[in-house]
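Below: the structure, in structure tokens.
The values are calculated or read from the model by the stated rules, or taken from the named source; none is laboratory data. Bear in mind that the values here come from a model prediction, so they are computed numbers and not experimental data. Every residue, glycine among them, receives a Cβ derived from its backbone with ideal geometry; neighbour counts consider all protein chains shown. These area figures cover heavy atoms from the full protein model, side chains too; ligands, DNA and RNA do not enter into them. Shrake-Rupley method; radii C 1.70, N 1.55, O 1.52, S 1.80 Å.
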Amino acid sequence: MKFREIKLPNTIHCAIPAALLATCLVILAVVILPDREPPLLPPLVTDGNGNLSSCDIFRGEWVPDPAGAPRYTTETCPVIHGHYDCARYGRPDLGFVRWRWRPAGCELPRLDAARFLRAARGKSMAFVGDSLARNQMHSLVCLLARAERPSPWTNATRHMYRYERHGFTVASFWSPFLVRAVETDPDGPARSGAGLWSLHLDEPDAGWSAHAGAFDYVVVSAGSWFFRPSVFHEHGRLVGCNGCLAPNVTDLTLRYPLRKAFRTALRAAAVGGARRRDRTVVVRTISPSHYENGTWNEDGDCARTRPLSRGGWKMNSVEEEMYAIQAEEFAAARREGNGARMLLLDATEAMALRPDAHPSKYRLWQPDRFNVSRDCLHWCLPGAMDACNDMLLHMLLHH
């Protein structure tokens, strides 16, 4: 069959009214053109006049979750480490998962794994810090696994997971002091087994800093290891210590190394690699421990069964100072710039209200490696740490 060529006149006089033509074009776009993808995350829903500028997602309260079901389980996410797998190790109630974080003045949407993975296609995220950083990484891996199983999938000791379909990688780097650290005495100055560490406060830990430049997002969090006895070096010389009990060495307390280590780490995270102008560095502030009726090594426990109301937990003075130091060093790093986008995940208030969400005795306990029988520092998974990742991913996609 041959098709005849149709020649149009050089000028077409259109008699269709402009308003009718516009309406037809709109209908054509809706009916014929492919659907646009939905927004990456739903907007924050306010309870007032719709103005989001007054909504701080980090200030609010924990409210009952009508759904009440865990967001994942050991069966749906086998990478949950035994230290956080409270259900598997006998916790008798699941009440700690039946709460959600509600900021004052708005609703924080829960993470939509499929939409986030679409937005993060071809990107990568690193969590740098201590075991709480790994705690948060495992939470994120499990949340995203509802849209795609990562590889590897059955090994909770691995510290890197890749979502092949989306080309997205999540990794954690163990670096509890953030800077170069060497254990010089396993027993420690008081022979308590706490160890004695030599910290080089002006040198980022190469274990993570050598790789940070390859990541699009770097989440930095640390704090609890700074309580350990340590000596401090800067520019190759001894400048002081914390609890070292050494004569003629000034005890600078943990405040000095915490500030210096965060300053060094944030600079390294921001400037490393060639892609720094496309990198986002996130600082997650401390989450306080909840030992009551004793300390971590003297029969302290966390046996509460529901969250506290706002203002219901008072951090001790050292924790308050640690929080202030982290916020101050974040602000200084943001002023310094260095090309990276800087964000503060200020989760301290939300986590301070959850003394019910720790493993306590319901966890994998390895007495040959750990002498703490009750864990009131880390977080059960699923649980309160998932809300930190709701905050994190909302920040990344909306800021």
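Of the residues making up segment 106-122, those that are surrounded by fewer than 18 Cβ atoms within 10 Å (Cβ to Cβ) and assigned to a loop (DSSP other than H, G, I, E, B) are Pro109, Arg121, Gly122.
Scanning segment 195-225 for residues that are touching an Asp or Glu at 6+ places or on another chain (Cβ under 7 Å) and assigned to a strand (DSSP E or B) turns up Leu196, Trp197, Leu201, Asp202. Could you list, in sequence order, all residues of segment 316-350 that are open to solvent by less than 30 Å² (accessible area, probe 1.4 Å) and of a type in the set (Phe, Trp, Tyr)? The one that is open to solvent by less than 30 Å² (accessible area, probe 1.4 Å) and of a type in the set (Phe, Trp, Tyr): Phe330. Is it true that Arg100 is in contact with a Lys or Arg (Cβ under 9 Å, 6 or more places away or on another chain), open to solvent by 50 Å² or more (accessible area, probe 1.4 Å) and in a strand (DSSP E or B)? Yes; evaluated as a whole, the condition is true for this residue. Among the candidates Ala327, Ala350, the residue that is within 19 Å of the chain's Cα centre (by Cα) and within 20 Å of Val97 (Cβ to Cβ) is uniquely Ala350.
Examine segment 362-375 for a residue that is within 30 Å of Gly213 (Cα to Cα), out of contact with any strand residue (DSSP E or B) (no Cβ under 8 Å at 6 or more places or on another chain), touching a residue at least 24 places away in the same chain (Cβ under 8 Å) and in a loop (DSSP other than H, G, I, E, B), and state whether such a residue exists. Looking for residues that are within 30 Å of Gly213 (Cα to Cα), out of contact with any strand residue (DSSP E or B) (no Cβ under 8 Å at 6 or more places or on another chain), touching a residue at least 24 places away in the same chain (Cβ under 8 Å) and in a loop (DSSP other than H, G, I, E, B), one finds none in segment 362-375, hence no. Test Pro78 against the stated conditions and say whether it is surrounded by 10 or more Cβ atoms within 10 Å (Cβ to Cβ) and either at pLDDT 50 or above or outside any loop (DSSP other than H, G, I, E, B) (or both). For Pro78, the condition - surrounded by 10 or more Cβ atoms within 10 Å (Cβ to Cβ) and either at pLDDT 50 or above or outside any loop (DSSP other than H, G, I, E, B) (or both) - is met. Entry remark, segment 269-315: residues being open to solvent by 80 Å² or more (accessible area, probe 1.4 Å), more than 24 Å from Pro64 (Cα to Cα) and assigned to a loop (DSSP other than H, G, I, E, B) number 7 in total.
Given the condition open to solvent by less than 50 Å² (accessible area, probe 1.4 Å), at pLDDT below 90 and small (Gly, Ala, Ser), answer yes or no: does some residue in segment 54-62 qualify? Among the residues of segment 54-62, not one is open to solvent by less than 50 Å² (accessible area, probe 1.4 Å), at pLDDT below 90 and small (Gly, Ala, Ser), which makes the answer no.
Within segment 230-268, the set of residues being open to solvent by 20 Å² or more (accessible area, probe 1.4 Å), part of a loop (DSSP other than H, G, I, E, B) and over 28 Å from Ala212 (Cα atoms) comprises Gly243, Leu245, Ala246, Pro247, Asn248, Val249, Thr250, Leu252, Thr253. Here the strands (runs of 3 or more DSSP E) wholly within segment 123-194 that include at least 2 residues being open to solvent by 10 Å² or more (accessible area, probe 1.4 Å) and on the phi < 0 side of the Ramachandran plot are 160-163, 168-174, 179-185.
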